[in-house]
Amino acid sequence: MPPAPGSALLEHVAALTPLADRDSRPELVVQTVRAWGQRLCDRIAPDASVLNRLRMLNYFFFQELGFHGERCSEDWADAGCLHRVIERRVGIAVSLSILYMEIGRAIGLKLCAVEFPGSFLVKLVCSGRVLVIDVSERGATLSAGELQSRLAATRSDTDAAACDALRRCLREMSESDILVRILQALRRRHQAAGQWAEALAVQSQLVHLLPGARQQLLDRAGLYERLECPRAAAADLRMCLRMDPTAADAGPIRRRWARLQKLASRLN
């Protein structure tokens, strides 16, 4: 039985691993996870129900492969280290869910990500209803009551407002949003460690992923300045001014751009 086509999320997240570890091999991450998907796919009968596929996925992922959740941290930057998650068989909810969704999609399950307050969950459409799965809790399926209890722990709402809030919180999270969140966390980690060149490499990925986002260019310009690259910083600031020449901060940006242009000219 050939595996169902997956998404590009695994490849995109695996491609981030060199931003956290230069010795990582993104292609090996993809090959390993795809091989797991094929292995499980070969065991499943074509007429297997969605629930049976889900049971087999949970047994394979948690029992055979031995993955389990890590509660000591929920730093999204850890999701940029999928190779380590695969080696150690332990990871935060985001990391585990990316692997779980990839294998599950290979066996025909319609899985998508949900960013729920305080956690990261996976949603499965099954026979006209929706199952919500906590991969960090060994694939536990959460009831509406359990979800409402989790939500109530993070906010105070009336019953009607709580139901509406629950529906909003169960909206699918796009794969581009997942990548942005991981990249932002990686950048913050590098900045906190004073690793400015590494932070710049991550920020350049954000600029590429969000080409119309002015703030991303401003953030990269700041990193270029810190690394004493005035010409590159000035180019980003010039692009910001072109995007919105009448923005409230256009004056300070224009003065900053002029200063950097002068500095760059002295380096010629």
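Taking Cα centroids, how far is the range 185-227 from the range 29-43 in Å?
Using only Cα atoms, the two centres lie 34 Å from each other.
Counting Lys and Arg as +1 and Asp and Glu as -1, what is the net charge of the other residues whose Cβ lies under 13 Å from the Cβ of ASP244?
Overall, the nearby charge balance is +3.
Taking Cα atoms, how many degrees apart are the long axis of helix 93-106 and the longest axis of the chain, rounded to 10 and kept between 0 and 90?
60
Normalised by the number of residues in the range 1-157, what is the relative contact order in percent for Cα pairs under 8 Å and 6+ residues apart?
The value is 24 percent.
Per residue, what accessible area does the chain have, given a 1.4 Å probe and all protein chains present, in Å²?
That works out to 50 Å² per residue.
At 7 Å along Cα-to-Cβ for each site, give me the label-to-label distance between ARG71 and SER265 in nm.
Those two pseudo-labels are separated by 6.2 nm.
What's the whole-number percent of alpha carbon pairs in the chain lying beyond 33 angstrom?
Tail of P(r) above 33 Å: 34 percent of Cα pairs.
Counting Lys and Arg as +1 and Asp and Glu as -1, each charge on the Cβ, what is the dipole of the range 94-152 about the Cα centre in debye, to the nearest 20?
My answer is approximately 180 debye.
Treating the angle as unsigned and between 0 and 90°, give the value, to the nearest 10°, between the Cα long axis of helix 230-243 and the longest Cα principal axis of the chain.
It is inclined by approximately 70 degrees.
So how do 214-220, 124-130 stack up, highest first, on mean other-Cβ count within 10 Å?
Listed from highest to lowest mean packing, they are 214-220, 124-130.
On a full-extension model of 0.36 nm per residue, what is the gain between ARG138 and GLU228, subtracting their alpha-carbon distance, rounded to one decimal in nm?
Roughly 27.6 nm would be gained on extension.
With springs connecting C-alpha atoms under 10 Å apart, model the chain as a Gaussian network and identify which of PRO252, PRO211, PRO26 has the largest mean-square fluctuation.
Result for the chain, Cα springs under 10 Å: PRO252 fluctuates most.
In a shell of Cβ-Cβ distance under 13 Å around ARG214, excluding ARG214 itself, what net charge do Lys and Arg (+1) and Asp and Glu (-1) give?
That works out to -1.
State the percentage of accessible surface on the chain attributable to carbon and sulfur atoms; use a 1.4 Å probe and exclude ligands, DNA and RNA.
Heavy-atom surface of the chain belonging to carbon and sulfur, 1.4 Å probe: 52 percent.
The values are calculated or read from the model by the stated rules, or taken from the named source; none is laboratory data. No experiment lies behind these values; they were computed from the predicted model shown. Positions of Cβ are backbone-derived with ideal geometry, glycine not excepted, and every protein chain shown enters the neighbour counts. Ligands, DNA and RNA are excluded from the accessible area calculation, which covers all protein heavy atoms including side chains. Shrake-Rupley method; radii C 1.70, N 1.55, O 1.52, S 1.80 Å.
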